[in-house]
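Next up is a structure, given as structure tokens.
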Amino acid sequence: MPNTNTTKMALAESLKKLMLTKKLEKITINDLAADCGISRIAFYYHFKDIYDLVEWVCVEDGKKALQDKKTYDTWQEGMSQIFEAVLENKPFILNVYRSIGREKIEGYLYKFTYDLLKDVVEEKCRGIELAEGDKAFIADFYKYGFVGIMLDWIGHEMKEDHEEIVEKMSVMLHGNFARAIRNFEKVEAQN
């Protein structure tokens with residue numbers, strides 16, 4: 001049997017291929033196993049069910065899109081790459097969005113968006129004493145905004161230009177990470 005990552009990637013590609021012609025809820029583990037040339041048991045060795053595979057695909061695609069774009073200077077490029085990855089997988093993403101709903105997609109997006117933002121906040125906090133809970137709050141605040149914007153874009157069939165969306169986010173955030181950190185620092189100093 002091939003190594004774990006190779007099998008997971010094969011299952012991911014099979015899922016995406018099958019979702020071009022079938023709704024997610026109509027795809028069976030037998031369909032995936034047959035398409036990959038593996039047994040059902042091999043599927044269960046890697047994933048507990050199809051939704052576990054869907055989550056893995058979304059998170060892995062998000063990680064690939066971000067790669068080393070987790071700094072203040074590169075976050076805009078990272079967000080653009082997330083939008084591009086979603087657009088490249090449009091049939092898959094829309095099928096998942098319609099099949100399992102906004103809440104699940106939201107959870108997948110939160111996972112890698114938070115990582116991006118947490119790294120940006122950590123970078124902007126270098127040399128500043130700020131409670132970990134405050135750093136997490138700042139990252140969460142922006143995470144909810146980013147994910148909400150992306151979900152609206154997905155919900156509207158990805159028709160709006162994603163580069164324009166990312167540019168608007170950049171305008172909104174210019175200097176705001178640093179300002180938020182300074183504001184929290186002032187509050188902590190007063191306490």
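The values are calculated or read from the model by the stated rules, or taken from the named source; none is laboratory data. Predicted model only: the values in this text are computed from it and were never measured. Here the Cβ positions follow ideal geometry from the backbone for every residue, glycine too, while neighbour counts run over all protein chains shown. Side chains are part of the model used for accessible areas, which takes the heavy atoms of the whole protein and leaves out ligands, DNA and RNA. Shrake-Rupley method; radii C 1.70, N 1.55, O 1.52, S 1.80 Å.
Expressed as a rounded percentage, what relative contact order does the range 12-92 have, with Cα pairs under 8 Å and six or more residues apart?
For the range 12-92, the relative contact order is 29 percent.
So how exposed is Arg102, as accessible area in Å² (1.4 Å probe, rounded to 10)?
Spelled out: Arg102, probe radius 1.4 Å, area about 80 Å².
Which whole-angstrom value gives the distance between the alpha carbon centres of the range 30-64 and the range 80-98?
The range 30-64 and the range 80-98 have Cα centres separated by 18 Å.
Return a whole-number percent for the relative contact order of the chain, with Cα pairs under 8 Å and 6 or more residues apart as the contact set.
21 percent
What translational D, rounded to a whole number of µm²/s, comes out for the range 117-175 from Stokes-Einstein when the hydrodynamic radius is the Kirkwood one over Cα pairs, at 20 °C and 1.002 mPa s?
Translational D for this selection: 166 µm²/s.
Something else now. Under the rule of -39500 (n - 2.57) per DSSP H run of 4 or more residues, summed and divided by the residues of the chain, what mean residue ellipticity at 222 nm is obtained, to the nearest 500 deg cm²/dmol?
-25000 deg cm²/dmol
Using a 1.4 angstrom probe, figure out how much accessible area the chain has per residue, in square angstrom, rounded to the nearest whole. Each step should come with its number before you reach the end.
Details: 10330 Å² over 191 residues.
In whole numbers, the chain has 54 Å² accessible per residue.
In the range 36-132, what GluC sites (Glu not before Pro) fall in a loop by DSSP, with at most 12 other Cβ atoms inside 10 Å?
Of the GluC sites (Glu not before Pro), the ones in loops of the range 36-132 whose Cβ has at most 12 other Cβ atoms within 10 Å are Glu129.
Name the most mobile residue of Met172, Met79, Met19, meaning the one with the largest mean-square fluctuation, in a Gaussian network model of the chain with Cα contacts below 10 Å.
It is Met172.
In the chain, carbon and sulfur make up what percent of the accessible area (probe 1.4 Å)?
52 percent
For the range 57-147, with equal point scatterers placed on the C-alpha atoms only and solvent neglected, what are the log10 I(q)/I(0) values from the Debye formula at q = 0.12, 0.16 1/Å, to two decimals?
Once normalised to I(0) and log-transformed, intensities are -0.38, -0.64.
Quick one: what are the phi-derived ³J(HN,Hα) couplings along the range 140-150, Karplus 6.51/-1.76/1.60 with θ = phi - 60°, whole Hz, x for glycine and proline?
With coefficients 6.51, -1.76 and 1.60, one gets 4, 4, 6, 4, 4, x, 4, 5, x, 4, 5 Hz.
If ligands, DNA and RNA are left out, what is the accessible area of Ile38 with a 1.4 Å probe, given in Å² to the nearest 10?
40 Å²
While we're on this one: Dimensions of the chain along principal axes (Cα, Å, largest first)?
Computed over the chain, the largest-to-smallest principal extents equal 62, 35, 25 Å.
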